[in-house]
Amino acid sequence: MDKGISIKGLVKDYPGHRKGERGQRVLNGLDLSIADNEFVCILGPSGCGKSTLLNTLSGLDNDYSGEVRFGGQPVGRNGKPPVKMGYLFQDPRLLPWLTAERNVDFVLENSDVPKSRWAEIKNHYFSLTGLEAFRDHYPHELSGGMAQRLSLVRALSIEPDVLFMDEPFSGLDELTARRMRVDLLDIWSRTGKTILFITHNSYEATFLADRVVVLSQGNIREEIPVEVPRPRHYDDPALFEISKQVSANFIAAAEEAERARLQPQAG
Ligand SMILES: Nc1ncnc2c1ncn2[C@@H]1O[C@H](COP(=O)(O)OP(=O)(O)OP(=O)(O)O)[C@@H](O)[C@H]1O
């Protein structure tokens, strides 16, 4: 099954919330195609529309215009998405009163995965993420990295075709984040998913992605392919070279946002 994503002319406006406040166009006719099994990182300064893009693609926000297709099939405005989606956020969002395993069961109970497969799936992902010994631990007994790993187990357990990740490692210390990036690439290479990953970190984006998309004010400023063979090595100079180009675009996008902010509004 094709799990690619095609986005055409995506426009998202937020109304002004206070009396007399202007509305804001956050996504401005965005076109983007993501291939089946491609790993794409979205980078851009604060407020450029990254989370808004993820919310519209993931169906959390249906109030937009333009076209979004998964595997060539359009998203029904209020219907079921044509692919299975998994999410990972900056905050692991675990249920504190449930053990690690029950947190995963909770998601499985609300999925279409038959109960006969739960044990196999849980064994697989708990072992893949090194959490086998912590299945009966509660979230407060886990470190930040372990909690985020559990959140990854939970997202993967429903066997999503597409994984949306919104700065999932930004709250972790650098060493843990590095390990998580390597683990994520390993899992991705074994399971085959289309991944859309949001980050503020140029090197993280370059290390992970097949392609880095830099957003500026609700549209694509630059798409930078990362043609470095996998498995990748964290200290590969070729990655550093590409990340410099990513950084330069990121900084330019931030400057564009600052200029737009200082520009007097017409009308
Ligand atoms: N529910 C909302 N109502 C009104 N404006 C919103 C809403 N959500 C986001 N915005 C505005 O839309 C713009 C884009 O927000 P968004 O969260 O998509 O940016 P972002 O690129 O993800 O930023 P960050 O990197 O800080 O998370 C911001 O100016 C924000 O204030």
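Return yes when residue 50 is buried (at least 17 other Cβ atoms within 10 Å of the Cβ), within 11 Å of the ligand (Cβ to nearest atom) and among the charged types (D, E, K, R) and no when it is not.
Working: buried (at least 17 other Cβ atoms within 10 Å of the Cβ): yes; within 11 Å of the ligand (Cβ to nearest atom): yes; among the charged types (D, E, K, R): yes.
It is true that residue 50 is buried (at least 17 other Cβ atoms within 10 Å of the Cβ), within 11 Å of the ligand (Cβ to nearest atom) and among the charged types (D, E, K, R).
Among the residues of segment 176-186, are any over 23 Å from residue 33 (Cα atoms), aliphatic (A, V, I, L, M) and outside the structural domain of residue 60 (by TED's automatic domain parsing)?
Within segment 176-186, none of the residues are over 23 Å from residue 33 (Cα atoms), aliphatic (A, V, I, L, M) and outside the structural domain of residue 60 (by TED's automatic domain parsing).
Here is a list: 55, 62. Which entry is open to solvent by 20 Å² or more (accessible area, probe 1.4 Å), outside any loop (DSSP other than H, G, I, E, B) and assigned by TED's automatic domain parsing to the domain that holds residue 206?
55
For segment 113-129, which residues satisfy the criterion of being in a loop (DSSP other than H, G, I, E, B) and in contact (Cβ under 8 Å) with a residue 24 or more places away in the chain? If you could, list the steps in order and put the result at the bottom.
Restricting attention to segment 113-129, the residues satisfying the condition of being in a loop (DSSP other than H, G, I, E, B) are 113-114, 129.
Once the filter is applied, which keeps residues that are in a loop (DSSP other than H, G, I, E, B) and in contact (Cβ under 8 Å) with a residue 24 or more places away in the chain, segment 113-129 yields 113, 129.
Kindly indicate whether residue 61 is acidic (Asp, Glu), under 24 Å from residue 217 (Cβ atoms) and either in contact with a strand residue (DSSP E or B) (Cβ under 6 Å, 6 or more places away or on another chain) or within 13 Å of the ligand (Cβ to nearest atom) (or both).
Answer is yes for this residue.
In segment 181-209, which residues are of a type outside the set (S, T, N, Q), more than 14 Å from the chain's Cα centre (by Cα) and surrounded by fewer than 22 Cβ atoms within 10 Å (Cβ to Cβ)?
Those that are of a type outside the set (S, T, N, Q), more than 14 Å from the chain's Cα centre (by Cα) and surrounded by fewer than 22 Cβ atoms within 10 Å (Cβ to Cβ): 182, 183, 186, 187, 190, 192, 203.
Considering only segment 37-44, I want to know if a residue exists there that is within 17 Å of the chain's Cα centre (by Cα), open to solvent by 20 Å² or more (accessible area, probe 1.4 Å), more than 15 Å from the ligand (Cβ to nearest atom) and not hydroxyl-bearing (Ser, Thr, Tyr).
Within segment 37-44, the first condition is being within 17 Å of the chain's Cα centre (by Cα), and the residues that meet it are 37-44.
The next check asks that each one be open to solvent by 20 Å² or more (accessible area, probe 1.4 Å); those that pass are 37-38.
This time we only want the ones that are more than 15 Å from the ligand (Cβ to nearest atom), so: 37-38.
Checking the rest, the ones that are also not hydroxyl-bearing (Ser, Thr, Tyr) come to 37-38.
Looking through segment 37-44, at least one residue is within 17 Å of the chain's Cα centre (by Cα), open to solvent by 20 Å² or more (accessible area, probe 1.4 Å), more than 15 Å from the ligand (Cβ to nearest atom) and not hydroxyl-bearing (Ser, Thr, Tyr).
Which condition does residue 82 not pass, out of (1) assigned to a strand (DSSP E or B); (2) open to solvent by less than 50 Å² (accessible area, probe 1.4 Å), if it passes all the others?
In the conditions (1) assigned to a strand (DSSP E or B); (2) open to solvent by less than 50 Å² (accessible area, probe 1.4 Å), residue 82 misses (1) alone.
The values are calculated or read from the model by the stated rules, or taken from the named source; none is laboratory data. Since the model is a prediction, treat every value here as computed from it, not as a measurement. Counting neighbours? That spans all protein chains shown, and the Cβs are built from the backbone with ideal geometry, glycine included. Please note that ligands, DNA and RNA were not included when accessible areas were found on the heavy atoms of the full protein model with its side chains. Shrake-Rupley method; radii C 1.70, N 1.55, O 1.52, S 1.80 Å.
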